[in-house]
Amino acid sequence: MQPVSLFESEVVMDWTNHPFAIWILVLLSFSESAFFIIPPELLLIPMGLANPGLALWYGVATSASSVAGAAFGYGIGKKGGQPVLRRLFSSQKIRTVQQLFQRYDTKAIFISAFTPIPFKVFTIGAGAFELAFNRFLAAATVGRSSRYLLIAGLIAVFGDNIRHFLEEQFDVALLVGSVVVVVAYAGYRLGVPLLMARTLPKGPVDRLLAFFRK
C-alpha cells in the first residue's frame, strides 16, 4: 500500500472539496499569521492542483488574508505587550525573535522564513516590541505574497506536472520561496524609491519615502 501524502489526507481532501473551501483557506491563512500553527500551504497546494486555472486567485487570497492576520497579530502584541508574549510562547523563542528584531528590525519578517519559529511569534512580537507598523506591514506584504504567489504561480504554469515536487520536496519549495522573498525584499528596498523618484513629483516622493523609512 502506498503512503498517503499529507496533502491527500482525508481531512485535507474534505476541506479541498468543501463548497466554502476558499473561505477555509482564507481563515487558515489569517489564523496562521496570528494565533494558529497549521500553514496554509496545506490547503493552498491541493486546491491549486485541483483547479490550476484558479491557483493564482487562491494565492492572492492566501496572501491578503495572511497579511491581515499579521496585522491582527501585531495588534495583539501591541495591546498585550511582552506579558502576552510570555503567556503564549517559550522564553527561548521570545529571546530569539527579540534578538532578530534588535539586529534586523522589520527585516526579521523575511528572516522568519528561514527559522523553525512560527510566523505568529514574529507578528505578535513585532507589536509587543513596538516595531514601526507601516514598515512591518510592508515587510509582511512582500514576504507573504512572494511565498504564496510563487507556489500558486508554479501550479498555474505547470499544473499537475508539479504535484510530485510539491508533495515530495515541499521543504525545497519553501526554501526556493524564501530565496524569492529575499530577492523581492531587495527589489522593494531598491526599486520602490527609485520608481517613485522617477515617476512622482518631488513633494509626494519625499512624503512616501519618509513613510517607508519610518
(request) Quickly run through region 137-157 and pick out the residues that are out of contact with any Pro (no Cβ under 8 Å at 6 or more places or on another chain) and surrounded by fewer than 23 Cβ atoms within 10 Å (Cβ to Cβ). (result) Leu137, Ala138, Thr141, Val142, Ser145, Leu149, Leu150, Gly153, Leu154, Val157
(message) Of the conditions (1) at pLDDT below 90; (2) under 21 Å from Ala21 (Cβ atoms); (3) within 14 Å of the chain's Cα centre (by Cα), Val60 satisfies every one except a single condition; which number is it?
(response) (1)
(message) Pairs needed: first member in region 83-94, without any contact (Cβ under 8 Å) to a residue 40 or more places away in the chain; second member anywhere, surrounded by 13 or more Cβ atoms within 10 Å (Cβ to Cβ) and not in a helix (DSSP H, G or I); C-beta distance under 7 Å; at least 6 residues apart or different chains.
(response) Lys93/Ile117
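Listed here are the residues, each with its yes/no results for (1) touching a helix residue (DSSP H, G or I) at 6+ places or on another chain (Cβ under 7 Å); (2) of a type in the set (A, V, I, L, M).
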position	(1), (2)
Ala70	yes, yes
Phe89	yes, no
Arg95	no, no
Phe129	yes, no
Phe133	yes, no
(message) I'd like to verify a number: residues in region 66-92 that are surrounded by fewer than 24 Cβ atoms within 10 Å (Cβ to Cβ), of a type outside the set (Val, Ile, Thr) and assigned to a helix (DSSP H, G or I), how many?
(response) 16
(message) Can you find, within region 30-46, the residue that is surrounded by the most Cβ atoms within 10 Å (Cβ to Cβ) among those that are within 29 Å of Ala126 (Cβ to Cβ) and without any contact (Cβ under 8 Å) to a residue 60 or more places away in the chain?
(response) Leu43
(message) For the structure I just gave you, tell me whether Tyr185 is crowded, with 16+ Cβ neighbours inside 10 Å, at pLDDT below 85 and under 22 Å from Val67 (Cα atoms).
(response) yes
(request) Return the residue satisfying two criteria in turn: it lies in region 1-46 and is outside any helix (DSSP H, G or I), aliphatic (A, V, I, L, M) and under 23 Å from Gly69 (Cα atoms), and of such residues it is modelled with the highest pLDDT. (result) Ile38
(request) Would you check if Leu49 is assigned to a helix (DSSP H, G or I), under 14 Å from the mean Cα position of the chain (by Cα), within 27 Å of Phe158 (Cα to Cα) and at pLDDT below 90? (result) no
(request) Say whether the condition of being closer than 20 Å to Leu150 by Cβ and within 19 Å of the chain's Cα centre (by Cα) is met by at least one residue in region 90-109. (result) yes
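The values are calculated or read from the model by the stated rules, or taken from the named source; none is laboratory data. What you see is a predicted model, and the numbers here were worked out from it, not measured in a lab. As a convention, Cβ positions derive from the backbone with ideal geometry for all residues, glycine included, and neighbour counts pool all protein chains shown.
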